Amino acid sequence: MSNKEQVKARIKELVNLLNKYNHAYYVLNQSSISDYDFDQLLKELETLEAANPEFSNENSPTKRVGGDLTKKFNTVKHDFPMLSLSNSYSKEEIIEWGNRIRKFSEDKITYVCELKYDGVAIGIRYVNGQLERAVTRGDGNQGEDVTTNVRTIRTIPLQLHGNYINDFEIRGEIFFPLENFNALNKEKEELGEPLYANPRNTASGTLKLLNSKTVAARGLDCYLYGVYSNQEIATGHYEAVKLAGEWGFKIPDESQKMIFKCDTVDEIMDFINYWDKARVNLPFEIDGVVIKVNNYDQQSDLGFTAKSPRWAIAYKFKAERVETLLNEVTYQVGRTGAITPVANLEPVLLAGTTVKRASLHNQDQIEKLSLYNNDSVYVEKGGEIIPKIVGINLAKRKKDAQQVDFITNCPECDTELVRHEGEVQHYCPNEVGCPPQIKGKIEHFIGRKALNIDGLGPETIDLLFRKDLIHNYADLFDLTFEDLVELDRMADKSANNILQSIKAAKDSPFEKVLFSLGIRHVGETVAKKLARHFKNIEAIIMANTEDLIAVDEIGEKIALSLVAFFEDDVNLAILQKLKNAGLQFEMEEEDEPNNNTLESKTFVVSGVFEKVSRNELKDLIEKNGGKNTGSISAKTNYLIAGDKMGPAKLAKATSLGVQIITEDEFLAMISY
Ligand code: IVH
């Protein structure tokens, strides 16, 4: 074999191996190789492909991480129109549908019940086992080609295995798993940015991002619900779905009752009743169930109406919804100046908690709802943390009621608000003079994940600010014992502790200092990447947009924000003051693993944590010699369970006898 042939063969071998491991890990939830070994194989493939681009292809596992920027998505006509389902909201309608169907056919009818995933529809075409093209629903006749983004979704195979048919389209729903959605919003909160409204819209927005690397990082998922082809596939839908599972697709788990084949309407009702309750435990959102006639011949006899198939119907769950009064819309100013309108409601009980407030997100949202002062509003709560207003009881609107007008000036400092082109959020531009922005930045600076300065709560910061003792975070380093003890209820000991903690902040590593500056869009991960890449603050200040974008995971939005921050003289003066105070503005020697306390131990980290972020936990595991994996297997030693963890993971860990520990227990293990 020539050298080139050997390379080609090795590339093929690596592609097959990596696809196999990926499928085992993401679709079957079995871990068959360590993260480290997987990364080694991936790196080898990347290197070989870079040196031999003629052997690289679009469906290589190296494309999973995303890469090139898409300029715009092309419009593509669907081979089979993408119809919707007729909806029903009562069990009577399902019974009527069942009766109608039976009139059509003398033969026995078998139904398949499935979940109605609440996400975005996608049609993916495979030719000769290779993912060819992925298109959104669009208007049903034509959609957008989002193939580059869809390739990053790990549960969607790039290359099929088994006895697949040569040319077909598979349709399914791309959705945002709740764990990933809530983690993304937690990050947004930490960045002082407005939160995403709900998993469905965010999945849809994510799928249309031009930067596929961001898509890859967000962790979308997909379930498939239909195979379409001019070739014969199987006798019915259920059988086709099973086959798709054999070819490598993620299909609903029958043992968890996610798909159910049955012969009677009573059994359909059992399925509906089961999921109406059990859906709260799913790690993703569903908005109903779908019932389909299984047999393909019977399906084609039944045919379609103009909009939807007669052989299928959706039963939509009623979300728990309550009606209450809108008392007032107030406006919060975040530390970055982002303005969030908040609906203050007459307190009302919803899904076990008392709801007093709901986010209205932005001006567009208020206008879309066409909200009037003192309206009677309907409130719902989904898998996301914040309740939302979904409608208005117009019958109760008073005749002289006034529409809610979005404010034009900052409620705190009266500066005129700005709304940048292409953005939905209003901002108060008075970064250095607007009290909640100043205080918010100081609170961020001393936060646990930033410089971790103890003893200074929001009240103390407010007092210090009002007494004119601090105007920005650098002023903290000028505080004296006298300044502090003179504050209300401040004991000598507490004052000393605060001073001690401020002093200790000077030992914080550069990446933490960079994060604590509170630069818009610069979260923990970005700060880490910047620190490791540029090594010191001068290099970051000198960097232009292109230099910044060249760093992994830094996009234009972050780059522009960094450039604007370091162009500002006030910020530079504050930085100088921090430097004079002795903070670390350059990287120390690359952090080596601290010790090997966790050697040969494998961890899965899941959920939302209080003291440290999920990424920090993973860092700590690695620094202490342990290994991270994404899914639980018999090889997992510990599951670190946080809040909002998916019940499936918990159940799996319990059944495999994996030790489940809390964040605190883990931190104690490494004496953190
Ligand atoms: S079957 C001919 N099955 O619900 C229509 N749809 O309006 C075939 N959906 O846009 C659709 N889960 O994206 C089907 N198990 C499921 C589904 C499902 C969610 C979505 C689908 C469609 C909408 C129906």
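The values are calculated or read from the model by the stated rules, or taken from the named source; none is laboratory data. Just so it is clear, the structure is predicted and the values come from calculations on it, not from any experiment. Cβ atoms come from the backbone with ideal geometry, glycine included; neighbour counts cover every protein chain shown.
I need every pair where a residue in region 24-42 that is under 14 Å from residue 634 (Cβ atoms) has its Cβ under 9 Å from the Cβ of a residue that is acidic (Asp, Glu) and assigned to a loop (DSSP other than H, G, I, E, B), sequence separation at least 6 or different chains.
Short answer, once both residue conditions are applied: none.
Would you check if residue 52 is surrounded by fewer than 16 Cβ atoms within 10 Å (Cβ to Cβ) and over 22 Å from residue 160 (Cα atoms)?
yes
Which ones in region 257-270 are farther than 27 Å from residue 159 by Cα and either in a helix (DSSP H, G or I) or not basic (Lys, Arg) (or both)?
If the condition is that a residue be farther than 27 Å from residue 159 by Cα and either in a helix (DSSP H, G or I) or not basic (Lys, Arg) (or both), then 260, 262, 263, 264, 265, 266, 267, 268, 269, 270 are the ones that fit.
Given the options 581, 550, 573, name the one that is closer than 26 Å to residue 214 by Cα and out of contact with any Cys (no Cβ under 7 Å at 6 or more places or on another chain).
None of the others qualify; the one that does is 550.
Do you know which of the residues in region 279-300 that are within 16 Å of the ligand (Cβ to nearest atom) and assigned to a helix (DSSP H, G or I) is surrounded by the fewest Cβ atoms within 10 Å (Cβ to Cβ)?
Per the stated criteria, the residue is 300.
Which residues, taken from region 137-154, are within 15 Å of the ligand (Cβ to nearest atom) and either part of a loop (DSSP other than H, G, I, E, B) or over 23 Å from residue 71 (Cα atoms) (or both)?
Listed by number, the residues that qualify are 137, 138, 139, 140, 141, 146.
Does residue 107 satisfy the criteria of being closer than 30 Å to residue 269 by Cα and part of a loop (DSSP other than H, G, I, E, B)?
Against the criterion (closer than 30 Å to residue 269 by Cα and part of a loop (DSSP other than H, G, I, E, B)), residue 107 qualifies.
Within region 6-23, does at least one residue satisfy the condition of being over 24 Å from residue 214 (Cα atoms), out of contact with any Ser or Thr (no Cβ under 9 Å at 6 or more places or on another chain) and assigned to a loop (DSSP other than H, G, I, E, B)?
no
Given the condition acidic (Asp, Glu) and either more than 16 Å from the ligand (Cβ to nearest atom) or at pLDDT below 90 (or both), answer yes or no: does some residue in region 220-233 qualify?
Yes, region 220-233 has at least one match.
Can you tell me which residues in region 67-97 are loosely packed, with under 15 Cβ neighbours inside 10 Å, part of a loop (DSSP other than H, G, I, E, B), polar (S, T, N, Q) and more than 16 Å from the ligand (Cβ to nearest atom)?
Once the filter is applied, which keeps residues that are loosely packed, with under 15 Cβ neighbours inside 10 Å, part of a loop (DSSP other than H, G, I, E, B), polar (S, T, N, Q) and more than 16 Å from the ligand (Cβ to nearest atom), region 67-97 yields 74, 90.
Restricting attention to region 40-77, and to residues there that are at pLDDT 85 or above and acidic (Asp, Glu), which single residue is farthest from residue 627 (Cα to Cα)?
Out of the qualifying residues, it is 54.
So that you can scan it fast, the table gives a plain yes or no per residue for (1) within 21 Å of the chain's Cα centre (by Cα); (2) crowded, with 19+ Cβ neighbours inside 10 Å; (3) of a type outside the set (Phe, Trp, Tyr); (4) farther than 20 Å from residue 34 by Cα:
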{"position": "607", "(1), (2), (3), (4)": "yes, yes, yes, yes"}
{"position": "613", "(1), (2), (3), (4)": "yes, yes, yes, yes"}
{"position": "636", "(1), (2), (3), (4)": "no, yes, yes, no"}
{"position": "641", "(1), (2), (3), (4)": "yes, yes, yes, yes"}
{"position": "659", "(1), (2), (3), (4)": "no, no, yes, no"}
{"position": "668", "(1), (2), (3), (4)": "no, no, yes, yes"}
{"position": "671", "(1), (2), (3), (4)": "no, no, yes, yes"}
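Among the residues of region 190-219, which ones are away from the ligand (no atom under 16 Å from the Cβ), among the aliphatic types (A, V, I, L, M) and farther than 18 Å from residue 63 by Cβ?
Selection gives 191, 195, 197.
For region 392-440, give me each residue that is more than 20 Å from residue 189 (Cβ to Cβ) and of a type in the set (Lys, Arg).
396, 397, 398, 399, 419, listed by residue number.
Taking residue 158 as the residue in question, decide whether it is away from the ligand (no atom under 16 Å from the Cβ), modelled with pLDDT of 95 or more and within 24 Å of residue 56 (Cβ to Cβ).
So residue 158 fits the description; yes.
Can you name the residue in region 110-136 that is not acidic (Asp, Glu) and not in a strand (DSSP E or B) and is also nearest to the ligand (Cβ to nearest atom) among such residues?
Once the filter is applied, the top-ranked residue is 119.
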